[in-house]
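Participant: Would you mind keeping the following structure in view while I ask a few things?
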Amino acid sequence: MTFNTTDDAERSAGELSESELKVVPEPSLRRLPGYVHFLRTLRQRGREVVSTTHIAKDLRLDPTQVRKDLAYTGIIGRPKVGYDVEELIASIESFLGWNNSSDAFLVGAGALGTALLGHERFAEYGLRFVAAFDQDPSKQGKEIHGVSVFGMHKLVDLARRMHIHIGVLSVPAQGAQEAAELLMEGGIRAIWNFSPRRIEVGPDTVVVDAELYSTLSILKRNLTLIMGR
């Protein structure tokens, strides 16, 4: 079912049950950052209000899905008006935790790790690297993009003392599981895994795989199909 009017679309935006609001599907979480980038563009153009129909049309999505995605953030649009752009941006950013900076540890200060430490826009998304760790003695004691690099033996103690809950893995496959276990021993409960290996964690720890290599494989395979036409 597709809603064609702003009135219908926005009136239904807050009709998710309490249980639905607690469990947000991963596809919705993946779409929400795209809405923020789109809304920021509208804000730069001076746009003050927007409807789900407008968002859906420009992003080539279904208006019903857009409406439900936005409802997860708790915001309710105004009938025949839509959403205030500034309020909608703030609602999504708050829901995603972008306006609440979280300290994180990086494990693996090689080429990829160095690039991650230097990616300044992570701060816009509520992630701040406060320390990095590497088993290479030549990297220990140095700073990379202003972040101090320590030996792996210091990870657990520092994580506990600094109450760090997010760890980012950028180590080779053979060291991924051992590094993940150190992070969990230090009390870290969320791991962003850039390693090419899937890691095993406990029930109280969440892992999100960056899947760089698998998505590259998909890209190259699709390129092969296109070039072969």
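Participant: Identify, among ILE144, THR41, ALA173, the residue whose Cα sits farthest towards the positive end of the charge dipole of the chain, taking +1 on the Cβ of Lys and Arg and -1 on the Cβ of Asp and Glu, with the dipole about the Cα centre.
Facilitator: The listed residue farthest towards the positive side: THR41.
Participant: Further, regarding this structure: State the Kirkwood hydrodynamic radius of the range 84-138 in Å, one decimal place, computed from all pairs of distinct Cα atoms.
Facilitator: 12.7
Participant: Still on this model: Have a look at the DSSP beta bridges in the chain and tell me what percent are antiparallel, nearest 5.
Facilitator: Beta bridges within the chain, antiparallel portion: roughly 20 percent.
Participant: Counting only heavy atoms of the protein chains, get the accessible area per residue of the range 56-177 (1.4 Å probe) and round it to a whole Å² value.
Facilitator: Per residue, the range 56-177 has an accessible area of 52 Å².
Participant: Right, next: Charges at C-beta only: +1 for Lys and Arg, -1 for Asp and Glu. How large is the resulting dipole of the range 70-131 about its Cα centre, in Debye rounded to 20?
Facilitator: That gives the range 70-131 a dipole magnitude of about 140 debye.
Participant: Now for a separate question. What ³J(HN,Hα) values, in whole Hz, does the Karplus curve 6.51 cos²θ - 1.76 cosθ + 1.60 give for the range 89-102 when θ = phi - 60°, with x put for Gly and Pro?
Facilitator: These are the phi-based 3J(HN,Hα) values: 4, 5, 5, 5, 4, 5, 4, 7, x, 6, 8, 10, 5, 10 Hz.
Participant: Might you report the magnitude of the Cβ-based charge dipole of the range 91-163 about its Cα centre, with Lys and Arg at +1 and Asp and Glu at -1, to the nearest 20 debye?
Facilitator: Using Cβ point charges on Lys, Arg, Asp and Glu, the range 91-163 gives about 200 debye.
Participant: Lys/Arg Cβ at +1, Asp/Glu Cβ at -1, dipole of the range 151-229 taken about the Cα centre: which of THR205, ILE188, ILE226 is farthest positive-ward?
Facilitator: The residue sitting farthest along the positive end of the dipole is ILE226.
Participant: What is the magnitude of the charge dipole of the chain about its Cα centre, with +1 placed on the Cβ of each Lys and Arg, -1 on the Cβ of each Asp and Glu, and no other charges, expressed in debye to the nearest 20?
Facilitator: So the magnitude is around 700 debye.
Participant: Classify the range 132-206 as rounded, prolate or oblate, taking a ≥ b ≥ c as the square roots of the eigenvalues of its Cα gyration tensor: rounded when a/c is under 1.5, otherwise prolate if a/b is larger than b/c and oblate if not.
Facilitator: Taking the square roots of the gyration eigenvalues as a ≥ b ≥ c, the range 132-206 is oblate.
Participant: Over the chain, with every protein chain in place, what whole percent of the accessible area is carbon and sulfur at 1.4 Å, could you tell me?
Facilitator: Reported share for carbon and sulfur atoms: 52 percent.
Participant: Please count, across the chain, the pairs of lysine residues with Cα atoms under 16 Å apart that sit 8 or more places apart or on different chains.
Facilitator: Going through the chain pair by pair, I get 4.
Participant: Roughly how many Å is it from the Cα centre of the range 78-100 to that of the range 128-162, as a whole number?
Facilitator: Cα centres, the range 78-100 to the range 128-162: 36 Å.
The values are calculated or read from the model by the stated rules, or taken from the named source; none is laboratory data. As the structure is a prediction and not an experimental result, all values here were calculated from the model. Every residue, glycine as well, gets a Cβ built from its backbone with ideal geometry; the counts of neighbours run over all protein chains shown. Quick note on the areas: whole protein, heavy atoms, side chains included, nothing else; ligands and nucleic acids left out. Shrake-Rupley method; radii C 1.70, N 1.55, O 1.52, S 1.80 Å.
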